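Peer 1: Below you'll find the structure I mean.
Just so you know, all these numbers are worked out from the coordinates, no wet-lab data involved. None of these values were measured; they are calculated from a predicted model. Every residue, glycine among them, receives a Cβ derived from its backbone with ideal geometry; neighbour counts consider all protein chains shown.
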Amino acid sequence: MTYIKRDLEDKILSLSKEYACILLTGPRQVGKTTLLKQLMTGQREYVSLDDLEERRLSKSDPAMFFQLHSLPIMIDEVQYAPELFSYIKIAIDNGAAPGSFWLTGSQAFRLMELAQESLAGRVALLHLSSVSQHEAFGSGETEPFRIDLAAIKARKNTHSPADMQEIYHRIWQGSMPGLVSGRFTDRDVFYNSYLQTYIERDVSELIDRVDKLVFADFIRAAGCRAGQMLNVHDIAMDVGVSDDTAKRWLAVLEKSDVIFYLRPYSNNLLKRTVKTPKLYFFDTGLVAYLTRYSTPEILANGAINGAILENYVVSEIRKTYYNCGKECLLWYYRDKDSNEIDMVIESDGELHPLEIKRSVNPPTEIVKAFEILDKGSLPRGMGAILCMRPELSAVSGQNLIVPVWMI
């Protein structure tokens, strides 16, 4: 097994010279602990709140916890002891040195709430997702994915080319460090264990007396709808729970970073836009496992091949922003006249429309839909078709054709 260099490393080290506290959030098993341990130097102490004795002490007597453990310190799974945050605040206000506290946790929403309540202005918040295709197959430094010709041409030197067969293998295999690194070789066993651990530990903590078998069915029902507009009622009907229960359970999946949403783009000049978000999973390997696709080849020709490709593209673009510690303004567009754009990136005061196609030679007339954004309040910038074409190309001076491997 080899360590996979993460794109977020330099950002963590640079912020540790400025902030006394770094909080790294992200889904379970994406490598938060491994990454920070890789960066640890000198005398930094490591404490995991998975250790029940350490957790008990941190909750019942946080003052004693910090007397026993000296700075600088790394505290793993800090969501188990929110009582520590007020003591961290006191230490920072009393002049704790930059880099004194490295914290990790896998309940991003709750941790961000705690950090904003107790450590506003005192903590650098970073998010680590699963391994990006640049981290797994590329080299050198990376930048957030932008629809700019020079920036995309530069990615040819940092990313690894892949044809359709290889892209679907990446999608099916998933992007969890344990699988990408080769530590675990049986994908099905890995995801089965991942789901059991997630439900036993995270879900059981967030939902009282949850029926674990029903919740497992619920995740599978959601997985079947990855890359689609959210329909809470359909998911609830599949599992046999109420719509309100389905909404609460989806909120749990979102809070624990298993799923995320793309919100529809709208403004007061685009009045006929829909309000429903689109549902995506952080890891396409998990979706392929949930939907029972046994090989990449079957997946590439299956009923969800377009939706799961879209999920992959959206997730990979998100990672390029998170891995640089930058905010990610991503939307999709759909209106009541059925005009639709798969994705819209808002950047530098412009809207950049994207279409995602499985084809090697997508129909170029699909960029006509981009013109709907001309009615918006922000100017439309360069657009792109993201597809399986092996090399960078263009429809026109305003619209590129970008291979998926260049994300």
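Peer 1: For the stretch 275-353 and the stretch 179-247, what is the centre-to-centre distance using only Cα atoms, to the nearest Å?
Peer 2: 19
Peer 1: Taking the simple approach of a point 7 Å from Cα along Cα-to-Cβ for both residue 217 and residue 360, what is their distance in nm?
Peer 2: About 4.3 nm separates the two model spin labels.
Peer 1: When DSSP beta bridges are limited to those with both residues in the stretch 314-396, what percentage is antiparallel, rounded to the nearest 5?
Peer 2: Numbers: 9 of 13 bridges.
So the antiparallel bridges in the stretch 314-396 amount to around 70 percent.
Peer 1: In the neighborhood of residue 76, defined by Cβ-to-Cβ distances under 13 Å, what is the net charge if each Lys or Arg adds +1 and each Asp or Glu adds -1?
Peer 2: On the way: positive: 28, 32, 37, 44, 55; negative: 45, 50, 51, 54, 77.
So the environment of residue 76 carries a net charge of 0.
Peer 1: Tell me, what is the FRET efficiency for residue 183 and residue 53 to the nearest 0.05, using R0 = 25 angstrom and their Cβ-Cβ distance as r? Provide the component values of the computation, followed by the final result.
Peer 2: Numbers: r = 28 Å, r/R0 = 1.11.
For residue 183 and residue 53, the calculated efficiency is 0.35.
Peer 1: Say each of residue 261 and residue 231 gets a label point 7 Å from the Cα, pointing the same way as Cα to Cβ; how far apart are those two points in nm?
Peer 2: 1.7
Peer 1: Taking the Cα centroid of the stretch 359-386 and of the stretch 69-142, what is the distance between the two, rounded to the nearest whole Å?
Peer 2: Centre-to-centre distance over Cα atoms comes out at 39 Å.
Peer 1: I've got another one for you. Return the subset of 212/278; 212/336; 5/59; 212/275; 326/368 for which the Cα-Cα distance in this structure is over 28 Å, preserving the input order. Walk me through the intermediate numbers first.
Peer 2: Values: 212/278 25 Å; 212/336 38 Å; 5/59 34 Å; 212/275 31 Å; 326/368 30 Å.
In this structure, 212/336; 5/59; 212/275; 326/368 exceed 28 Å between Cα atoms.
Peer 1: Roughly speaking, what is the stretch gain from residue 46 to residue 201, that is 0.36 nm per residue apart minus the C-alpha to C-alpha distance, in nm to one decimal? Please list the in-between numbers first.
Peer 2: Numbers: separation 155, 0.36 × 155 = 55.80 nm, distance 2.17 nm.
Here the answer is 53.6 nm.
Peer 1: A further question follows. Provide the gained length on full extension for the span residue 156 to residue 120, in nm with one decimal, where the gain is 0.36 nm per separating residue minus the Cα-Cα distance. Before the final figure, lay out each step's value.
Peer 2: Numbers: separation 36, 0.36 × 36 = 12.96 nm, distance 3.96 nm.
Stretched fully, the residue 156-residue 120 segment lengthens by 9.0 nm.
Peer 1: Right, another one. Mind checking which aspartates and glutamates have their C-alpha under 16 Å from residue 357, skipping anything on the same chain fewer than 8 residues away?
Peer 2: 163, 166, 310, 316, 340, 342, 365, 391
Peer 1: Return the percentage of antiparallel bridges among DSSP beta bridges fully within the chain, rounded to the nearest 5 %.
Peer 2: Working: 19 of 47 bridges.
Once the DSSP bridges in the chain are tallied, antiparallel ones form about 40 percent.
Peer 1: Over the chain, what is the relative contact order in whole percent, taking alpha-carbon pairs under 8 Å and six or more residues apart? The partial results should precede the final answer.
Peer 2: Working: 699 pairs, mean separation 68.3, N = 407.
That works out to 17 percent.
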